[in-house]
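Notes for the one structure printed next.
The values are calculated or read from the model by the stated rules, or taken from the named source; none is laboratory data. Being a predicted model, the structure only gives us computed values, none of them experimental. Glycine also receives a Cβ, built like all others from the backbone with ideal geometry; neighbour counts cover every protein chain displayed. Note: accessible area is taken over every heavy atom of the protein model, side chains too, but ligands, DNA and RNA are not part of it. Shrake-Rupley method; radii C 1.70, N 1.55, O 1.52, S 1.80 Å.
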Amino acid sequence: MEKLAPNGSIVQLKNVTKRIGRRTIIDDLSLDLPEAQVFGFLGPNGSGKTTTIRMMVGLMAMTEGDVIIRGHSVRDEFEKAIRHVGAIVENPEMYKYLSGYDNLLMFSRMIPGITRQRIDEVVELVGLKGRIHDKVRTYSLGMRQRLGVAQAIMHKPTLLILDEPTNGLDPAGIRELRDYLRKLAKEEGITVFVSSHLLSEMELMCDRVAIIQAGKLIDVRDIGQTADADGAGGAAFFFDVDKPEDALALLAGAHGAQAAEGGLAIVGGREAAADVNALLVRGGLRVYGIRMQNKSLEDQFLEMTGGERIV
Amino acid sequence: MFDFLQLVANENLKIYRRIRTWIMFGILVILVLAISLIARYMPGGGDGSGWSMMMTETFLLFIMVTIFTVVVSAETVAGEFTSGTIKLLLIRPWSRSKILLSKYISVMLFAFALAATLFVLGFGVNALLFGMGGAREEILAALGTNRDISPFSYMLAYYGFEFISLIMIVTVSFMISTVFRSGGLAIGLSLFFLMGGSVVTMLLMQLDYAWVDYLLLIHLDLTNYLIEPGFELRDGVTLGFSLGVLAAYYVLIIAVTWLVFNKRDVAT
Ligand SMILES: Nc1ncnc2c1ncn2[C@@H]1O[C@H](COP(=O)(O)OP(=O)(O)OP(=O)(O)O)[C@@H](O)[C@H]1O
Ligand SMILES: [Mg+2]
């Protein structure tokens, strides 16, 4: 039953392409999702995250390519492929005239092997125990999101796909979800595929992140890698000085020095920082502090995707 | 198979957990009771046979059954798109065809429940208030038939034929709901079909072209065939012919509905 590709990935997107009319919305996207990882799917608004997810779960037909889940093609063996997938696509809309519990009960009937006990378990887990018998109509956005998560993990999927799951959750809820997703991946070997544009979130919860822009995959990187980047000249330092203008004049653009709020910033590693510091002190300026500025994934992401531009 | 029944059970749940549904049943029950009670106790009323009262009520209220079912049918697919729940429904290990079939079956079961309510209540209430006795010939004449069958069989046949028309109209509504994802449009068009149908039919029947025989509209009232054995709606248009035309349209409507639902990109 369990079929892993030779490289240990449980899900493969193979040259997935979506064209609507003459527009190419997803362009030849290939991606392997390894087992037991939280995999982030990052991209600015309109880059095609939701469209990709819709194709992965069979809501939209692929123009070209295929998605293979545990050895089954979504195109040709949909029922087998989707059997071990749990998902929330965009907002978790439920039947408003039913209670949260009845919603879960109903979805549980569509997949064999979900006991009432399991339903109670997930209700407890997502923290909806007190309100589960109320009509969904009366739920807040965050509560609906939690119900959506319950619905998605109820049948213990091996692939959990969540489209912007933190949308509408409060900080505590986000944290809980993050911890829970990490736990699912680590302890139960579930592959979690999360899309988001909350970039700082991704850094905290993902093992690996794929970045998509305008329907094209532009990068896949392990989160650990970003920390190593500083040595390679990617780091920046901030200098807190008494006369920033004089300091800038003194440096004359060395090490990419430029004005920053309350001081100046340079680009370069530790050696560069020490050199700049010596220069400033010798020039009679007072240096109150030097801080290393780690380039976060967010900065890198904005750099790569060109900021806020929606394509 | 057992699992598929679970899908139907889910669809039933979606119908019967809504207050709307019970209001529909309530209206039907109240109308039957009201019409019979008024007929029984109004000044100058009170005689007449229970059979003809049942017939009158059926004539008036079966349209109600059709309208209510059209409303439920129009909502069943379009509603899932409007609310966005279609996304959660379709990402289960079931083919779209089966999910759609479970919806269709639940709508038909609802229609059957309404029609059965009308039949049983109409029979029961009128039997109590008026009695179902009387000379058979007289009763059959009052019901408007020359056939020699028991009044009960006649009523059953009448319901059967009405139910065939209902299936056609409700299936059209189901198709519009699926194709256009708009419940309002589905209700509007199918009711126009139902109401406007009889007027247009009368006009069409005047036309002496052969193609008129193949129009769906003129075959929607099969109860005409109950008037007498061998009745012909138009020259050469027998009950068998009508049923054949209806069957052809039915297959076509169902095919379009399933095809569109299976191919549709869900992007709500
Ligand atoms: N049904 C459709 N018809 C035409 N274009 C569409 C359709 N659905 C989506 N698109 C286009 O496809 C692109 C990708 O949309 P998608 O919803 O996948 O983006 P996203 O990455 O999920 O964005 P967001 O972060 O805002 O959720 C957008 O440019 C959008 O306009
Ligand atoms: Mg999206």
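How high is the relative contact order of region A:236-293, given as a whole-number percent (alpha carbon pairs under 8 Å, six or more residues apart)?
Relative contact order here is 50 percent.
List the residues, sorted by chain then number, that are 5 or more residues from A:Ile212 or on another chain and whose placed amide H is less than 5 Å from its amide H.
Here the answer is A:Leu42, A:Gly43, A:Ile218, since their amide H atoms fall under 5 Å of that of A:Ile212.
Tell me the mean residue ellipticity at 222 nm calculated for the protein assembly as shown from its helices only (DSSP H runs of n ≥ 4, each -39500 (n - 2.57), averaged over every residue, nearest 500).
-17000 deg cm²/dmol
Roughly how many nanometres apart are two label points built 7 Å out from the Cα toward the Cβ at B:Asn146 and A:Leu105?
The modelled label-to-label distance comes out at 5.7 nm.
Output wanted: per-residue J couplings in Hz (rounded whole) for region B:204-210, from phi through Karplus 6.51 cos²θ - 1.76 cosθ + 1.60, θ = phi - 60°, x for Gly and Pro.
Values per residue, Gly and Pro as x: 4, 4, 5, 6, 9, 8, 5 Hz.
Looking at chain A, do any whole DSSP H helices span at least 15 angstrom along their long axis by alpha carbon and average -1.0 or above on Kyte-Doolittle, and which?
Helices passing the filter in chain A: A:141-153, A:270-282.
How much accessible surface area, in Å² rounded to 10, belongs to the heavy atoms of A:Asp170 with a 1.4 Å probe?
80 Å²
Once Lys and Arg get +1 and Asp and Glu get -1 on their Cβ, which of B:Thr171, B:Asn262, B:Thr85 lies farthest toward the positive end of the dipole of region B:2-263?
B:Thr85
Please give the contour-minus-distance gain from B:Leu31 to B:Ser97: 0.36 nm per residue of separation, less the Cα-Cα distance, rounded to one decimal in nm.
The B:Leu31-B:Ser97 span can extend by a further 20.0 nm.
When only Cα pairs under 8 Å and 6 or more residues apart are kept, what is the percent relative contact order across region B:136-268?
29 percent
Determine the equivalent ellipsoid of chain A by diagonalising the alpha-carbon gyration tensor, then write out the semi-axes as square roots of 5 times the eigenvalues, largest first, rounded to whole Å.
45, 23, 17
If I stretch the segment between B:Ser83 and B:Val212 completely, what's the gain in nm (0.36 nm per residue apart, minus their alpha carbon distance), one decimal?
Value of the extension gain: 42.3 nm.
Let me spell out the model: positive unit charges on the Cβ of Lys and Arg, negative unit charges on the Cβ of Asp and Glu, origin at the Cα centre of chain A. What dipole size does that give, in debye rounded to 20?
In debye, rounded to 20, chain A gives about 1120.
Which shape class applies to the protein assembly as shown: rounded if a/c is under 1.5, otherwise prolate when a/b exceeds b/c and oblate if not, where a ≥ b ≥ c are the square roots of the Cα gyration tensor eigenvalues?
Prolate.
Give A:Lys49/A:Lys80; A:Lys96/B:Lys98; A:Lys80/B:Lys98; A:Lys18/A:Lys135; A:Lys135/B:Lys103 a once-over and call out the pairs whose C-alpha atoms are over 26 Å from each other.
Pairs exceeding the cut-off: A:Lys18/A:Lys135.
How high is the relative contact order of chain A, given as a whole-number percent (alpha carbon pairs under 8 Å, six or more residues apart)?
The value is 20 percent.
Decide, for region A:236-293, between rounded, prolate and oblate: order the square roots of the alpha carbon gyration tensor eigenvalues as a ≥ b ≥ c, take rounded if a/c falls under 1.5, and otherwise choose prolate if a/b is larger than b/c, else oblate.
Rounded shape, in that the Cα axes give a/c under 1.5.
Could you tell me the distance between the Cα centroids of region B:163-212 and region A:251-275, to the nearest Å?
So the two Cα centres are separated by 77 Å.
Probe of 1.4 angstrom, ligands and nucleic acids ignored: what's the accessible area per residue over region B:2-263, in square angstrom?
44 Å²
Relative to the longest principal Cα axis of chain B, at what angle does helix B:2-16 sit, 0 to 90 degrees, rounded to 10?
70 degrees
Using the heavy atoms of the protein chains and a 1.4 angstrom probe, tell me the accessible area per residue for region A:236-293 in square angstrom.
58 Å²
For region B:228-239, in order, what is each residue's ³J(HN,Hα) by Karplus, 6.51 cos²θ - 1.76 cosθ + 1.60 with θ = phi - 60°, in whole Hz (x at glycine and Pro)?
Using θ = phi - 60°, the values come out as 7, x, x, 4, 10, 5, 9, 4, x, 8, 9, 4 Hz.
With axes computed from alpha carbons, what is the tilt in degrees of helix B:19-41 against the longest principal axis of chain B, rounded to the nearest 10 within 0 to 90?
Between helix and principal axis, roughly 10 degrees.
Can you pull the percent of region B:2-263's accessible area that's carbon plus sulfur, 1.4 Å probe, other chains left in place?
Within region B:2-263, the accessible surface is 72 percent carbon and sulfur.
What does the buried accessible surface come to for B and A, summed over both chains, with the probe at 1.4 Å? Round to 100 Å².
About 2800 Å² of accessible surface is lost on pairing.
Taking the convex hull of the Cα atoms, report for region B:1-93 its projected area averaged over all directions, in nm².
Reported value for the Cα convex hull: 8.4 nm².
What are the ³J(HN,Hα) couplings of region B:251-257, residue after residue, when phi is run through the Karplus curve with 6.51, -1.76, 1.60 and θ = phi - 60°? Round to Hz, x for glycine and proline.
For region B:251-257, the Karplus curve yields 4, 5, 4, 4, 4, 4, 4 Hz.
Report, to two decimal places, the Cα Rg of chain B normalised by 2.2 N^0.38 Å (N = number of residues).
1.11
Whenever you get a sec, compute what percent of the accessible area on chain A sits on carbon and sulfur atoms (1.4 Å probe).
48 percent
Tell me which trypsin sites (Lys or Arg not before Pro) from region A:1-73 have a DSSP coil assignment and no more than 11 other beta carbons within 10 Å of their own.
The qualifying sites are A:Lys3, A:Arg22.
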